[in-house]
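The values are calculated or read from the model by the stated rules, or taken from the named source; none is laboratory data. In this text the structure is predicted, and so the values were computed from the model without any measurement. Here Cβ is always computed from backbone atoms with ideal geometry, including for glycine, and neighbour counts include all displayed protein chains. Accessible surface areas use protein heavy atoms only, side chains included; no ligands, DNA or RNA. Shrake-Rupley method; radii C 1.70, N 1.55, O 1.52, S 1.80 Å.
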Amino acid sequence: MIRPTLFYHLQDFETEQALVQLEGAQTYNKLRSTDDLSWITQLEANRIDVAIIELPRLSREDYLALLESSAIADVEFIFLSDGLPNPHLDKLLSKYAGYHFRKPIDMSLLCETLADFAQHLVANTSTRIRPFASELDQYGLLVGSSLPMHRLYRTIRRVSAAESNVLIIGESGAGKELVANTIHLASPRVNKPYIAINCGALSPELVDSELFGHVKGSFTGANRDHQGVFEQAEGGTLFLDEVTEMPLEHQVKLLRVLENNEYRPVGSPKVLKANVRIVAATNRDPLVAIEQGQLREDLYFRLAHFPIQVPPLRERGEDIVGLAKHFLAYRNAAEKQSKVFSPSSLEAIAAHTWPGNVRELKHAIERAYILADHEITPEHLQLTPSLDKESAAEENVVIPQGMRLEELEKIAIYQALETSQGNKTDTAEQLGISVKTLYNKLSKYEQESDVQTADADSVSEDPVSNSVAKY
């Protein structure tokens, strides 16, 4: 059995001693960096499988050298830091995925990660996988130190190396698109395009054109050739968000591409080959969507070669407060401020159930940051008390007698728009409808308002009608 090699570049002696004694590190040959040569030179000069790098020792030039190094594509990186915002690391992790542990280091999780690397490396001695990245702890574009997140990291690392289609399942705002992007960053397709499209925002008349492209003159308004997302993502990864919102008749066409790896642009006699990896996502239970006629069963089995469940924020324990501090730290760095949370605001953040998940938390911190002068208090967070399902069921919702269903729907939509500060994507997800449906309803309300305004104007211009209207 070939033992993998672990390279480490650390400045803290206690961390170094704890590292070499970890059970997960015992299956490695260990190589310590020396001070007489650049650590990147040492990394390139040896056959390294896993590298643990302590960030405070790295200069801007180190990051640039690492980005240009051939070793980055062959080594699994684990970065250790004090957790301060680091734009150089962000740039590095946006190019290649790698783990990022914040101090104090959870040695048990580090041990599990090293053991997981070793198991995979021993089983695949001829195959090396591209690195990964993230923060809090971090993996790719994902941030979190909880056990559910570390399980998610390991799942992504394994599936990324394969070519299987992936279906990401999770609540709105939980980070499904970040999971999809991290899968791409950690895959052999990392240097090829990553294209994302929201299936719920597609006009039914233009779905074929958006997916497969069209040629000039193929329909009214087709004034030039257009590349569809399959052609744009050639060689890379295509992310289909809200796939259950795609009309069933178009799901059939998508299924055909997945089965034959072929598609035809609208109006073209030419059949093109598709070389893309499909990653899809839904905030619905796929089996329920199948029962309700929103998702074809055969398409589900084609998409879900490997299903991944993204944990909601409420199941991530201390990640809730950790993410709040993470978002605040980055705002402070961007604005050159030093705002802080009060103890009571951290208690409120930890106690909230966050039905909108990470997206809701981020927006709450952004709003509180703007409102607060120095210390963020619960009043700045403006959190609505959360109700569990039982207490929510016991609440008596008063609906005015005689109000039509359409009016209730209209009120709900405008209230959701106000809550999400006008963000239509967030509003649609909050209401459980597609973005296109939301736009259609808002357009209808505007037309009704225009008609009412026109009627009012006509009344004001007609003295006879005005006199009648007074009585």
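Structure data summary
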| quantity | calculated |
| --- | --- |
| The range 266-312 - residue that is at pLDDT 90 or above, assigned to a strand (DSSP E or B) and open to solvent by 20 Å² or more (accessible area, probe 1.4 Å) and, of those, nearest to Asn357 (Cα to Cα) | Gln309 |
| Count of residues meeting criterion [of a type outside the set (Lys, Arg), in a loop (DSSP other than H, G, I, E, B) and either closer than 17 Å to Phe306 by Cβ or touching a strand residue (DSSP E or B) at 6+ places or on another chain (Cβ under 8 Å) (or both)] in the range 167-189 | 5 |
| Positions within the range 91-129 being modelled with pLDDT of 75 or more and among the charged types (D, E, K, R), in sequence order | Lys91, Lys95, Arg102, Lys103, Asp106, Glu112, Asp116 |
| Boolean, Gln11 is at pLDDT 85 or above and surrounded by fewer than 14 Cβ atoms within 10 Å (Cβ to Cβ) | no |
| Filter result (open to solvent by less than 20 Å² (accessible area, probe 1.4 Å) and in a loop (DSSP other than H, G, I, E, B)) within the range 211-228 | Gly213, Ala222, Gly228 |
| Residue tally, condition open to solvent by less than 30 Å² (accessible area, probe 1.4 Å) and in a loop (DSSP other than H, G, I, E, B), over the range 149-166 | 1 |
| Condition check for Glu68: open to solvent by 70 Å² or more (accessible area, probe 1.4 Å) and either within 32 Å of the chain's Cα centre (by Cα) or in contact (Cβ under 8 Å) with a residue 60 or more places away in the chain (or both) | yes |
| Residue list for the range 409-431, filter: on the phi > 0 side of the Ramachandran plot and open to solvent by less than 80 Å² (accessible area, probe 1.4 Å) | Gly422 |
| Every pair of residues 6+ apart whose Cβ atoms lie under 6 Å, when the first sits in the range 86-111 and is within 17 Å of Gly322 (Cβ to Cβ) while the second is open to solvent by 30 Å² or more (accessible area, probe 1.4 Å) | Lys103/Asp82 |
| Test: residue in the range 319-329 that is under 19 Å from Glu171 (Cα atoms) and among the acidic types (Asp, Glu) | yes |
| Top-ranked residue in the range 335-363 [being assigned to a helix (DSSP H, G or I), in contact (Cβ under 8 Å) with a residue 24 or more places away in the chain and aliphatic (A, V, I, L, M); ranked as most open to solvent (accessible area, probe 1.4 Å)] | Ala350 |
| Matching entry among Leu31, Leu22, Leu37, Leu55 (being in contact with a Phe, Trp or Tyr (Cβ under 8 Å, 6 or more places away or on another chain) and either farther than 21 Å from Leu92 by Cα or open to solvent by 40 Å² or more (accessible area, probe 1.4 Å) (or both)) | Leu31 |
| Residue that is part of a helix (DSSP H, G or I) and either under 19 Å from Tyr8 (Cβ atoms) or open to solvent by 10 Å² or more (accessible area, probe 1.4 Å) (or both), where the choices are Leu110, Leu84 | Leu110 |
| Tabulated pairs, the range 252-264, first within 17 Å of Gly236 (Cα to Cα), second open to solvent by less than 80 Å² (accessible area, probe 1.4 Å) and part of a helix (DSSP H, G or I), C-beta under 6 angstrom, 6+ apart or interchain | Tyr263/Phe212; Tyr263/Phe230; Tyr263/Val257 |
| Pairs where the first residue, in the range 220-239, is among the small types (Gly, Ala, Ser) and at pLDDT below 90 and the second is surrounded by fewer than 23 Cβ atoms within 10 Å (Cβ to Cβ) and in a loop (DSSP other than H, G, I, E, B), C-beta under 9 Å, 6+ apart | Ala222/Val215; Ala222/Lys216; Ala222/Gly267 |
| Residue within the range 130-145 that is at pLDDT 80 or above, touching a Gly at 6+ places or on another chain (Cβ under 7 Å) and of a type outside the set (Asp, Glu) present | yes |
